[in-house]
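Below is one structure, written out as structure tokens; the observations come after it.
The values are calculated or read from the model by the stated rules, or taken from the named source; none is laboratory data. Keep in mind that this is a model prediction, so the values were computed, not measured. Quick note on the areas: whole protein, heavy atoms, side chains included, nothing else; ligands and nucleic acids left out. Shrake-Rupley method; radii C 1.70, N 1.55, O 1.52, S 1.80 Å.
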Amino acid sequence: MNMNDTEIMRRCIELAQTAQKNGDVPVGAVVVRRTSADSCEIIGEGYNRREADGCSLSHAELIAIKQASERLGGWHLTNCALYVTLEPCAMCAGAVINSRIDEVIFGASDLRFGACGSRVDIFGLGFNHCPTVRGGVLAEECAGLLKAFFKALRERGKRR
């Protein structure tokens, strides 16, 4: 399927909205496998489920990576890219390294926990695998989802 960055990030945003409806921080992720220079297929999807699962490991990226690995029948995700609405944290960046994903494309930067250059650059620490990173794809939309979510949480907290 011929999809561009914007189309794939829009799918991530849809997944993030699902997380939000379930009471989780609105982050969505998609793993695509490059089938040719201008074509790819979605092989994994995920959205935050920390609240739903009661587990700190239930990040969108980890769920998408797990699904992609299951679909391909192995943990090597070479020729694959991870798209995510929010810059991955250190845990998720570590999963990218360990799964050998070639590229990380994210929407909004995360100044508090971002591990792809905003807070720290995990990929620049000399590990045996270093994906390319691009940020800012639909950044305003992705950041807007997060801002609205946390604003609503604060407002609900004031009512309690």
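What is segment 74-149 by shape, rounded, prolate or oblate, if you read a ≥ b ≥ c off the alpha carbon gyration tensor as root eigenvalues and call it rounded for a/c under 1.5, prolate for a/b larger than b/c, and oblate otherwise? Taking the square roots of the gyration eigenvalues as a ≥ b ≥ c, segment 74-149 is prolate.
Each listed q (0.16, 0.20, 0.25 Å⁻¹) maps to a log10 I(q)/I(0) for segment 1-82 from the Debye sum over equal C-alpha point scatterers, namely -0.58, -0.84, -1.12. Computed over segment 19-66, relative contact order equals 36 percent, with contacts defined as Cα pairs under 8 Å that lie 6+ residues apart. At a 1.4 Å probe radius, carbon and sulfur cover how many percent of the accessible area of segment 43-129? Carbon-and-sulfur percentage of accessible area, whole number: 49. Fully extending the segment from E7 to A37, taken as 0.36 nm per residue of separation minus the present Cα-Cα distance, adds 9.2 nm. On a per residue basis, the chain carries 52 Å² of accessible surface, using protein heavy atoms and a 1.4 Å probe. Quick one: Debye curve from the alpha-carbon atoms of segment 20-137 only, equal weights, vacuum; give me log10 I(q)/I(0) at q = 0.13, 0.18, 0.21, 0.23 Å⁻¹ to two decimals. Normalising to I(0) and taking log10 leaves -0.45, -0.87, -1.18, -1.38.
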